[in-house]
Amino acid sequence: MTRQEALALVKEKVHTPELVNHMLATAAIMEGLARRLGEDEEKWYLAGLLHDIDYEETKDDPDRHSLVAGEMLEELGFDGEIVHAVKAHNDHEGISRDTLLAKALYATDPLSGLITATAYVMPSRTLGEVKVKSIKKKFKDKAFARGANRDQIRTCEEFGVPLEEFFEIALKGMQGIASSLGLA
């Protein structure tokens, strides 16, 4: 499936613009991580883009979130590694994050929200004004963007990317699509 086809699928299943933007941001970060780690950029991008495709359907039943998405992607013939990573990005008992892709998606998911929230508090409300230093400061402030699980973000170190470098990769990826996210 091409990126355009995957985005069309996302827009068919997800009707909340903020959620679509979160999925696009996650995809951009995952693509940058794949580049840094020498992995398949297309595969990682698609995993990031599609990871919350079931969220609107499962938001009232969090135990089903990501499992429904995984089943949907499996039926569509997606690579098993993508399916597994999507299922594993939510904390389900029995689904281990035993691949680099699954570990990366798990760490990336909350970071995209932290960076978006950081942009929103900038005077210009744009990603262009956000610096790694700003993200580090907001990361330390546990009252800021509480939904962005800091322990989950820190798992980047499990796949060999130091936290500050992870912030750099993520910010660069999101800045590259800032206009698509409404943050330019």
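Coordinate-derived values only; no laboratory data. Keep in mind it's a predicted model, so treat the numbers as computed, not measured. Positions of Cβ are backbone-derived with ideal geometry, glycine not excepted, and every protein chain shown enters the neighbour counts.
Worth pointing out:
- Criterion (without any contact (Cβ under 8 Å) to a residue 60 or more places away in the chain, surrounded by fewer than 22 Cβ atoms within 10 Å (Cβ to Cβ), closer than 18 Å to residue 103 by Cα and of a type in the set (Gly, Ala, Ser)) met by exactly one of 70, 80: 80
- The number of residues in segment 106-118 being crowded, with 22+ Cβ neighbours inside 10 Å and farther than 13 Å from residue 29 by Cβ comes to 1.
- Whichever residue in segment 123-166 is touching a Gly at 6+ places or on another chain (Cβ under 7 Å) and at negative phi and, among such residues, is surrounded by the fewest Cβ atoms within 10 Å (Cβ to Cβ): 147
- Taken together, 172, 103, 87 contain a single residue that is in contact (Cβ under 8 Å) with a residue 40 or more places away in the chain, buried (at least 19 other Cβ atoms within 10 Å of the Cβ) and of a type in the set (D, E, K, R), which is 103.
- Selection from segment 148-169 of residues that are touching a residue at least 24 places away in the same chain (Cβ under 8 Å) and part of a loop (DSSP other than H, G, I, E, B): 148, 149, 160, 161
- Boolean, residue 6 is touching a Cys at 6+ places or on another chain (Cβ under 8 Å), touching a residue at least 12 places away in the same chain (Cβ under 8 Å), crowded, with 17+ Cβ neighbours inside 10 Å and not β-branched (Val, Ile, Thr): no
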